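Read-outs throughout are calculated quantities, based only on the coordinates presented, and are distinct from any laboratory measurement. What you are looking at is a predicted structure, and each value in this text was computed from that prediction instead of being measured. Here the Cβ is made from the backbone with ideal geometry for all residues, glycine too, and neighbour counts use every protein chain on show.
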């Protein structure tokens, strides 16, 4: 039954592809197919539940697919051939639904995994006429294929008995890490997300990159030392988290910022998993319980909130025609519902209460603090590092999202004048996702026993950690925030009723008579101090053309922050290999006598080699 | 529990008075008479009776920001060991909820500032974001420090469950932690040398720049919230330094209240003795606080004051 959901999605995809010429028909088939497959998936889960891990990695797809499908209806209007879009959208969803179920046989998994890469590649370059997309598509394809190659190596090594375990381990972690955006391997994320259509980014970021972690946990880790697994995830996750959020800060492209934030969140999930494994290695019950819950909650929270944010970015792009934060501003007045949803999701994803982002991070913090209080020095170091990284990341995320929200939605419009109105097809799914987020905050305390029953691990004693009480308290204080704010709002209203009137006027700009939108602080300006603070890591590129002379006419200032891994690691590596292949190329001179000479030398060398050995 | 509630009421009533004391100290150093001790309360009541001017640039976020900030600060206060009594609302992990409620207040203030489209408020917001990253990291290190000392993640138990002898076990670490917390206090409550709330130039403010456009009851909420924040950090610093949880309740209450006012006096003296740092220099000072907290943690782990 549960495989049927993937089957339906695949069938709907093929059907939509067949209706390539008839856009409307393809759309109907696409949306209906997505919804049917999701319903089939939910029915399948209820009738014959899959294992806990599979369920966990299916859930984000099941939630995000229908939301993204509804959003796509409005998004792809006038953006290209709907048949192709819906076809590959459903095929991608089908592969993503099938993957978590295929944890028995790696070969099947690998085939579907490769298919997922190819299908999503078509979606990423759906808007193929754009010039900059060529580079992006190339990078995405390379990343997918490099991951596939590493996984094939991993598969081959798993058969060879004498093969070094280290190589096996590294190949697996790197192969899956390419999808999960681990440090240095994250290169495709900030390129592919801004280029892909917004609903596709939502699915890729919320559900697809998690699958990399699924692969690591299910295929690479079994049989490995738990403490090694824990440290790997913790260290890689920690670097991803901090690096991701620091590079998110200076980005001007809204979706690029969100893509870096995805790297950060996958890092947080890895850290939570790492804490779980370390807790397992040192038999620390509370660390395991909090770690597992933190992982589960953060995967789902990230899917919901990042989905909302990417869909919001899609609406912003459709309304204003740009994704540059510095060019927008004041979108809240044109797209109020989108703006409000985006703000709420941004606050939630910074890990702040009263949204669901907080309870996930609370669990991870508690896992870290359990390690700190445990008395084992490895756990203590791990806990201190994890907690410190989480808090620094939280504060940086506040800054990054304050920039995203403030620059895009608040204040006055800077360059975008004719902004289209928002459409209910686009903000409806966002409201749905946000509703689910709130539902999670208040339902999790009651579902904890259920979660551990599904996980089916009898060795974990969740009751002794008091986790239910903690979640219940967190939910109550979130509720208290709503209540208290409402009371204060009512109080303000009451005070106001008693005769003092409100007035409206321009913003008081410290005596300046005619403030204009050009004087407003842009997103980049907001982050400039932070960029300077972390410049030794970010290496921001500045291009200054200072005003000259008595009556300066022209002056300009530009700053951009290209990816550090690309600039300082991959670019030199690729330049080196390009240089080497240039040199090797000289042998291919086209002269016959040169080839004969080379062959003679080789033969002589081989003979000498044979004699010596 | 009764004592905790009485302490809470005391804190809610006395928090704005801290500014009165602080300003009196500053006035004393400047040879002035200074505003009355209860001046902040008078200001709040005056503002509550006034109308509000909302800029045409703003949206609901600007209107909600002061309310949400105050609510977040009030909730953060519920986990404190007020009067050295464990909070009845405590739970494992409330220390982090406390930290994140302060963060929620911060992002709401920042968003409210950005909503006005004013360059000065943007400037204030940018600085607030920069400094808060370091001070939040310092705060977390101090929480880890306390968790190690007390073996608990409950904010109240962190302070009350350490036993009386923690000074004997790790005196150098305690001194470092207290200084680091004082730096955080100065940052979070926007005082000299990080921020000067009384400068006449908007260009050089942080917190006051962010609330330039607020007026009426909104401004009253903000002033009251600032008082609460100073009380929160004063109470934490007092509870960190003084092992008074074994005292009789009324004595503990007196000590905590006196501690908060003493810290206000200290802040006043600090403000009178030194000028605000240049903004480029502030992160250095905050990093100093961060390093001190880190050193305190390391010293604690080495010297073995760990429970």
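For the residues of A:507-518, the average number of beta carbons from a partner chain within 10 Å of their own beta carbon is 5. Here the scattering of segment A:564-612 is modelled by Debye summation over its C-alpha atoms, one equal scatterer each and no solvent; at q = 0.18, 0.21, 0.30 Å⁻¹ the log10 of I(q)/I(0) is -0.71, -0.77, -0.98.
Sorting the segments B:175-184, A:405-414, A:98-107 by their residues' average number of neighbouring beta-carbon atoms within 10 angstrom, most packed first, yields A:405-414, B:175-184, A:98-107.
Computed from Cα positions, the angle between helix B:2-14 and the longest principal axis of chain B comes to roughly 30 degrees. Sorted fewest first by neighbouring Cβ atoms within 10 angstrom, B:281, B:169 come out as B:281, B:169. Segment A:241-260 and segment A:18-76 have Cα centres separated by 29 Å. Pairwise Cα separations in segment A:277-427 fall into 10 Å bins from 0 onward with the following percentages, short to long: 12, 34, 24, 16, 11, 3, 0.
The alpha carbons of segment A:225-483 stretch over 61, 34, 28 Å along the principal axes, in descending order. Students often get this wrong: which residues of segment B:158-188 have the backbone nitrogen under 20 Å from the point 7 angstrom along Cα-to-C-beta of residue B:273? What the label zone holds, given the 20 Å backbone N cut-off, is B:174-188. Starting at 0 and stepping by 20 Å, how many percent of the alpha carbon pairs of the protein assembly as shown end up in each bin? Calculated P(r), rounded to whole percents: 14, 45, 31, 9, 1, 0. Seen from all directions on average, chain B presents a Cα convex hull projection of 15.2 nm². Listed from fewest to most Cβ neighbours within 10 Å, the set B:302, A:268 follows the order B:302, A:268. Counting other Cβ atoms within 10 Å as a rough exposure proxy, the listed residues A:597, B:97 run A:597, B:97 from fewest neighbours to most.
When both segment A:519-533 and segment A:86-142 are represented by their alpha-carbon centers, they are found 37 Å apart. Scaling the Cα radius of gyration of segment A:55-184 by the globular reference 2.2 N^0.38 Å produces a ratio of 1.20. Taking label positions 7 Å along the Cα-Cβ direction at both residue A:418 and residue A:134, the computed distance is 3.1 nm, reported to one decimal. Taking every residue in A:407-414 and counting other chain Cβ atoms within 10 Å of its Cβ, the average works out to 5. Placing R0 at 56 angstrom, the Cβ-Cβ distance between residue A:516 and residue A:53 gives a FRET efficiency of 0.50 after rounding to 0.05. Residue separation of residue A:585 and residue A:602 scaled by 0.36 nm, minus their Cα-Cα distance, works out to 4.4 nm of gained length.
With n ≥ 4 as the cut-off for DSSP H runs, can you work out [θ] at 222 nm for chain A, using -39500 (n - 2.57) per run divided by the number of residues, rounded to the nearest 500? One gets -24000 deg cm²/dmol as the mean residue ellipticity at 222 nm. Tell me, what is the FRET efficiency for residue A:105 and residue A:612 to the nearest 0.05, using R0 = 41 angstrom and their Cβ-Cβ distance as r? Once the sixth-power term is evaluated, E becomes 0.30. To the nearest 0.05, what FRET efficiency results for residue A:285 and residue B:298 with a Förster distance of 22 Å applied to their C-beta separation? After rounding, the FRET efficiency stands at 0.20. Sorting the segments B:288-294, A:150-156, B:63-69 by their mean number of nearby beta carbons within 10 angstrom, highest to lowest, gives B:63-69, B:288-294, A:150-156. Counting only alpha carbon atoms, the long axis of helix B:119-150 and the longest principal axis of chain B meet at about 10°.
Counts of other chain beta carbons within 10 angstrom of each beta carbon in peptide B:73-85 average 1. Once the Cα atoms of helix B:171-188 and of chain B are each reduced to a long axis, what angle between those two axes, in degrees from 0 to 90 to the nearest 10, is obtained? Rounded to the nearest ten degrees, it is 10.
Here the peptides A:585-592, B:220-227 are ranked by packing, the mean other Cβ count within 10 Å, and the order with the highest first is B:220-227, A:585-592. Over the residues of chain B, the helix contribution to mean residue ellipticity at 222 nm works out to -23000 deg cm²/dmol, using -39500 (n - 2.57) for each DSSP H run of at least 4.
The relative contact order of segment B:2-303, computed from alpha carbon pairs under 8 Å that lie at least 6 residues apart in sequence, is 30 percent.
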